[in-house]
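Student: Structure in structure tokens, see below.
Values quoted throughout were computed directly from the atomic coordinates according to the rules given, and no laboratory measurement underlies them. Note that this is a predicted model, so its numbers are computed, not measured. Positions of Cβ are backbone-derived with ideal geometry, glycine not excepted, and every protein chain shown enters the neighbour counts.
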Amino acid sequence: MKVETFTPENTPTPIGPYSHVARAGQFVTVSGTAGVDSQTGLMAGPDAYSQARQIIRNFRTMLAAADSDLAHVLHVQVFLKNVDDFAEMNRAYAEEFGEHRPARTVIVVADLPKRDALMTMNLQAVTIQAQ
């Protein structure tokens, strides 16, 4: 099975030697993503809610480029720098995902490579055609 890797237009530039999206057949993986606004290159805000919302909006763009969407997400991993940001991350997450509730893991970490990032998330999904 061929593995395609790419970084869609209108998404933040990766901060290392990797692509945002990898797709093999019906399976899609999105790399760790911080809450960066692709238009400005800056964090979407200084708070957990703004950053979480931006991450998921970036996911929409990345998934669309891989023939998928939020409704086809299987699992999300969230890496928080501060457990006190859990409620605000959850609020943005619930608003953006709506009724779809993929499996999720949340881990608190000591630090993240992106300056000013309060969290990063990655995910696994399937393509829309997988139905």
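Student: Hey, could you check region 35-58 for residues that are touching a strand residue (DSSP E or B) at 6+ places or on another chain (Cβ under 8 Å) and farther than 15 Å from residue 93 by Cβ and say which is surrounded by the fewest Cβ atoms within 10 Å (Cβ to Cβ)?
Tutor: The qualifying residue surrounded by the fewest Cβ atoms within 10 Å (Cβ to Cβ) is 42.
Student: While we're on this one: In region 51-80, what residues are polar (S, T, N, Q), touching a residue at least 40 places away in the same chain (Cβ under 8 Å) and assigned to a helix (DSSP H, G or I)?
Tutor: Looking only at region 51-80, we keep the residues that are polar (S, T, N, Q), and these are 51, 54, 58, 61, 68, 77.
Retained after the next criterion (residues that are touching a residue at least 40 places away in the same chain (Cβ under 8 Å)): 51, 58, 61, 68, 77.
Within region 51-80, 51, 58, 61 qualify.
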